[in-house]
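The values are calculated or read from the model by the stated rules, or taken from the named source; none is laboratory data. This one's a predicted model, so the numbers in the text were calculated from it and none came from an experiment. Don't worry about glycine lacking a Cβ; one is built from the backbone with ideal geometry, like all the others, and counts go over all protein chains shown. These area figures cover heavy atoms from the full protein model, side chains too; ligands, DNA and RNA do not enter into them. Shrake-Rupley method; radii C 1.70, N 1.55, O 1.52, S 1.80 Å.
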Amino acid sequence: MTARSPSSPAPAAPASAAARPTRRARGRPTREEGEVLRTGLLDAALQVFIARGFEAASIEGIAKVAGVAKVTVYRHYASKDELFVEVARRAQLSVRARLGTVADAGLPLEAALRAIISRLVEGYTHPDYLAVMRMVIAEAGRFPALGRAMLDDSAQISEPLVAYLQALKDAGQIDIDSPYDAAVQISGLASGAGRYLLLTPGRHPVSRKRSVESLVTLFTRAWRKQP
């Protein structure tokens with residue numbers, strides 16, 4: 001064996017355990033990681049359902065877009081049907097998220113309605129929302145329980161508006177019989193009363209503002225207490 005020259009550098013010593021990069025032990029993901037994963041799966045499913053429709057969409061295709069293995073999707077959702085239901089309900093509840101606390105701002109009726117209706121219109125005319133609702137209607141026969149679930153979800157969308165209208169009624173500022181029915185009427189007209197599902201609404205700011213203002217005028221004139 002050839003001897004090493006005194007001037008030759010000594011071989012590098014193996015890295016100590018403390019110097020090696022640490023990795024989280026394999027196991028169940030944290031709650032935060034689980035939420036991030038589920039959000040990614042729903043985003044991917046929405047993208048695939050819109051692009052291909054329910055029938056042509058596949059769990060394999062959704063997994064590919066999400067960048068995960070197919071088995072990972074099945075760990076969270078038992079079937080494509082279950083995933084579609086979750087996507088549909090998420091799209092509807094996104095309208096509720098847009099409202100935030102706008103109805104709790106203590107604004108006068110006209111200003112509050114303008115803010116509320118503007119955000120409802122933004123949500124109900126969003127292209128993703130409309131695409132999902134059209135698929136829900138097309139697949140209604142396949143998902144008989146979905147319609148009821150989405151009606152229940154719609155009550156959550158109206159909660160901030162119902163509370164605001166109830167407060168105004170209690171204060172004697174508006175004349176309405178049922179805050180809930182009034183909130184449903186606002187939501188129904190802000191959503192286009194179904195016509196947006198047939199004809200994609202224009203998203204020009206001027207057109208949208210005109211639509212919002214007409215609803216604000218309608219409801220304030222109908223509900224405001226007369227002196």
Self-check item: Conditions (1) more than 21 Å from SER79 (Cβ to Cβ); (2) hydrophobic (A, V, I, L, M, F, W, C); (3) modelled with pLDDT of 50 or more: number failed by ALA63
Solution: (1)
Self-check item: the stretch 171-202, residues that are open to solvent by less than 60 Å² (accessible area, probe 1.4 Å) and of a type outside the set (A, V, I, L, M)
Solution: GLY172, SER178, PRO179, SER187, GLY188, SER191, GLY192, GLY194, TYR196, PRO201, GLY202
